[in-house]
Structures are given as C-alpha cells and as structure tokens.
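Okay, so here's the structure we're looking at.
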Amino acid sequence: MKEQFSVHYWGPLLFRIKIKIEYVKDIIKICDEATEKFNTSLAGIIDDEVLIDKIKYAKIIQPYLVTYNQAYELWYNQTIQKITVNSAWVNYMKKGECNPPHTHDQCHLSSVLILEVPETLKKEQKNWKGTGMGPGTLTFSIGNPNSFQTNIFSFRPEIGDLFIFPWNLTHSVSSYKSDVRRISVAANFNLEEKK
C-alpha cells in the first residue's frame, strides 16, 4: 500500500538559474568599463571589487527577475510588483582571497552571478581532499547545525549561474591556491510586494 506524504517548504528561498552565455558576455563588457573601487563597503578579502552600472546590469538580467518572481510566488504565496536594483559590483577574486561569511543590508534581496571559473580552479576543486566542497566554492548557511536539519548548501558554480536570495542569508566563498582569477557579480535589490 502506498502511503501519501507531503513535504513542506521551510526557510528562505534560494533561487538558482542559468543565464544565456551572450548575456554573460554583455555583463563582462559592463564590468570591463567599471573603474570605481567598492572595497571599503564590502566584507570580501578581495583586492579588486568594483562598482558597475546597475541600470545596465538590471536591464540584462530582467527576464530572470521575472522568473524569480514566479518562484517567489510559489515559495511565499506573495507576488512581487516591482524589483529594483540597489547596487551592483564585480568581484575579481585571486589566489588566496576569500569572501568570509556575511550578509547584505539596506536591501531585500542579494544575488551572485558567476562570470568566470578557470579550468585550473575546477581541477583544484576536483582534486580537493577534505570536508566541504573545497576551494572557490559558494556556500549558503542558516542557523546552527542541528540533527535532522539541512542548514548549509554549497555549490561549485559554473559560468552563467545566477543565485538570488534574501539579504540576511549568510553566504561565503572559500579561498583557493590556483594562480587564476574567478569573476562574479554581486547585486542587491529592493522589492515591492503586491497588496
């Protein structure tokens, strides 16, 4: 006899989607034009963190924000009327640098988009011997570890992976030993729910 069961959504919505490679290329161009350092406002132990044009960035990822809205409605049973970009910056992460566990404030949502993951770093990840997913991985965590509870998700993200999550979801990127550059864009958003 088959027993019926249900699984209940619990905790924050951690949204992940793959964006088109041509959009990745367009965003890289926006990053290449950027010059204003942003390090003093961020948690990252990264030398090169640079503000990018948030309006151009938002325009490119707009279709994925529409899809995010659909996921948001399913998860929270609420509909977003409007999502606006608050800030956006590029992280040019190098050997030995990291982004320690942190949250973002003065926004409702945060995001990470992966623009470049060199093959050398992928090889280092594959050869990793230890706990966790290893070098250059993106980790999200909530609360303290408890029995019968998943409180950590780690990813070895690929080019084009876009993650959107609540501002207060703790996240981090571990350091790596390869002499290469890993590039990601972070952006914060404000949202308005429909009444």
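The values are calculated or read from the model by the stated rules, or taken from the named source; none is laboratory data. This is a predicted model, so every value here is computed, not measured. Reconstructed Cβ throughout: ideal geometry from the backbone, glycine too, with neighbour counts over all protein chains shown. Note: areas computed on protein heavy atoms with side chains; ligands, DNA, RNA excluded. Shrake-Rupley method; radii C 1.70, N 1.55, O 1.52, S 1.80 Å.
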Given the pairs K25/K122; K18/K129; K29/K123; K18/K122; K122/K177; K129/K177, which span a C-alpha to C-alpha distance of over 23 angstrom in this model?
-> K18/K129; K29/K123
Per the 1.4 Å probe, what fraction of the accessible area of the range 74-121, in percent, lies on carbon and sulfur atoms?
-> 48 percent
Would you please state which residues of the range 150-183 a label at N190 would reach in this model, taking the label point 7 Å out along Cα→Cβ and a backbone N cut-off of under 16 Å?
-> 167
For S141, what accessible area in Å² do you get when you roll a 1.4 Å probe over the heavy atoms of the protein chains, rounding to the nearest 10?
-> 30 Å²
Within the range 36-108, what is the number of lysine pairs with alpha carbons under 27 Å apart, leaving out pairs fewer than eight places apart on the same chain?
-> 10
How much FRET efficiency would the formula 1/(1 + (r/R0)^6) give for L74 and S147, where r is the Cβ-Cβ distance and R0 is 25 Å, rounded to 0.05?
-> 0.30
Can you give the accessible area of E97 in Å² (nearest 10), computed on protein heavy atoms with a 1.4 Å probe?
-> 20 Å²
Net charge of Cβ neighbours under 13 Å - reference R16; Lys, Arg +1; Asp, Glu -1 | 0
